[in-house]
Structure formats: structure tokens, C-alpha cells
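Colleague: Sharing a structure with you now.
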Amino acid sequence: MELFEEIAAAREGRGDPGRLLGEFRRAAVLVPVVDGGLRSGNVSGIRWIYAFTDESALARFAHARGSGDAEWEYLSILGARLLDAVIPSLDGPTGIAVNVADEDGSMMFPPVSGIVPDSVAVDLAAGRGEVAP
């Protein structure tokens, strides 16, 4: 299955979390770039990098943000690279928000063990002597 199909299965309650994460790791996702960095939002102290399964999903997000038909710069990157290399290089807890403009097709990959490297997982922060957000 492709990533968007795994997301749909998970949202319908028939998905497999391991298969969903595996598909995300293998998928090339589109991440909008703004001012030389990855476009993201912050909710309750967690940074969420926006990622999209295709250009249509990215366009829906841009339109929802009031950008109309303006083109957005983006990069294509493997989900595994986002999780294993990009997130550990950033300051503070960071997760991935996929297709956030699609009410029935979005999925969040939070910064917890089993998704991001243990060194940056918020649920393991106390074991590292840190305060979790």
C-alpha cells in the first residue's frame, strides 16, 4: 500500500501502526520550504514539520493558508531521513504532520520512542534528566 492508503486504513481503525510507520519511512514526502527552512507549526511546545503525500495535498494546504494559487517551494525527502536525520538536528521536540489540510486524510507522527530516535523522544526525556514539554 502507498502512504495515503495506510493513513486511510489507520483512520478507519483497520490499519497496522508498524506498517503505517514503515510506509512513511519508505515514502518520499513533499516538505514546503520557507526562508531556507522547513515549514512547520508549533502546538503546545512541539514543532510539527508539514509533509505531504503529493502536490495536490500540498496545494490544498497552501490554499487553506490563504496562498491561493501561489506556488510554494518544496523538497522531496524520504520519511526515514526526516525522522532519523532532520529531527535530531533540530532544537526541541519535533514531529511530522502529514497532509494536515485533509480533514479525513491527515496523520501525525509524534516525537516519541519507536518513531523518532530515542535520543530525541519526549517520552524518554525524563530518563535523560530532561523535562518533557
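Just so it is clear, none of the values below were taken in a lab; they were calculated from the coordinates. Nothing here was measured: the structure is a model prediction, and the numbers come from that model. Positions of Cβ are backbone-derived with ideal geometry, glycine not excepted, and every protein chain shown enters the neighbour counts.
Colleague: Among rounded, prolate and oblate, which fits the chain when a ≥ b ≥ c are the square roots of the eigenvalues of its C-alpha gyration tensor, a/c under 1.5 means rounded, and a/b larger than b/c means prolate?
Modeller: Numbers: a/c = 1.85, a/b = 1.26, b/c = 1.46.
Oblate, because a/c is 1.5 or more while a/b does not exceed b/c.
Colleague: Continuing with this model, one more query. With axes computed from alpha carbons, what is the tilt in degrees of helix 17-26 against the longest principal axis of the chain, rounded to the nearest 10 within 0 to 90?
Modeller: Helix 17-26 sits at roughly 70 degrees to that axis.
Colleague: Test of understanding: in a Gaussian network model of the chain with alpha carbons linked when under 10 Å, which of ARG81, ARG19, ARG65 would top the mean-square fluctuation ranking?
Modeller: Sorting by GNM fluctuation, first place goes to ARG65.
Colleague: Same structure again: Rounded if a/c is under 1.5, else prolate if a/b beats b/c, else oblate: with a ≥ b ≥ c from the C-alpha gyration tensor eigenvalues square-rooted, which is segment 33-105?
Modeller: Working: a/c = 1.65, a/b = 1.54, b/c = 1.07.
Prolate is the answer for segment 33-105, as a/c is 1.5 or above and a/b outweighs b/c.
Colleague: Please report the antiparallel percentage of the DSSP beta bridges confined to segment 28-128, to the nearest 5. Don't skip to the end; give the middle numbers.
Modeller: On the way: 15 of 21 bridges.
So the antiparallel bridges in segment 28-128 amount to around 70 percent.
Colleague: In a Gaussian network model over the chain where Cα atoms closer than 10 Å are linked, find which of VAL33, VAL86, VAL43 has the largest mean-square fluctuation.
Modeller: VAL43
Colleague: Taking the chain as a Gaussian network, where each spring joins two C-alpha atoms under 10 Å apart, which residue of ALA57, ALA28, ALA70 fluctuates the most?
Modeller: Among ALA57, ALA28, ALA70, the largest mean-square fluctuation in the Gaussian network model of the chain belongs to ALA70.
Colleague: Under a point-charge model restricted to the Cβ atoms of Lys and Arg (+1) and Asp and Glu (-1), what is the dipole moment magnitude of the chain relative to its Cα centre, in debye to the nearest 20? Display every interim value, and only then the final one.
Modeller: Working: 11 positive and 20 negative charges, 65 e Å.
Dipole size: approximately 300 debye.
Colleague: Determine the calculated [θ] at 222 nm for the chain from helices alone, applying -39500 (n - 2.57) to every DSSP H run no shorter than 4 residues and normalising by the residue count; nearest 500 deg cm²/dmol.
Modeller: -6500 deg cm²/dmol
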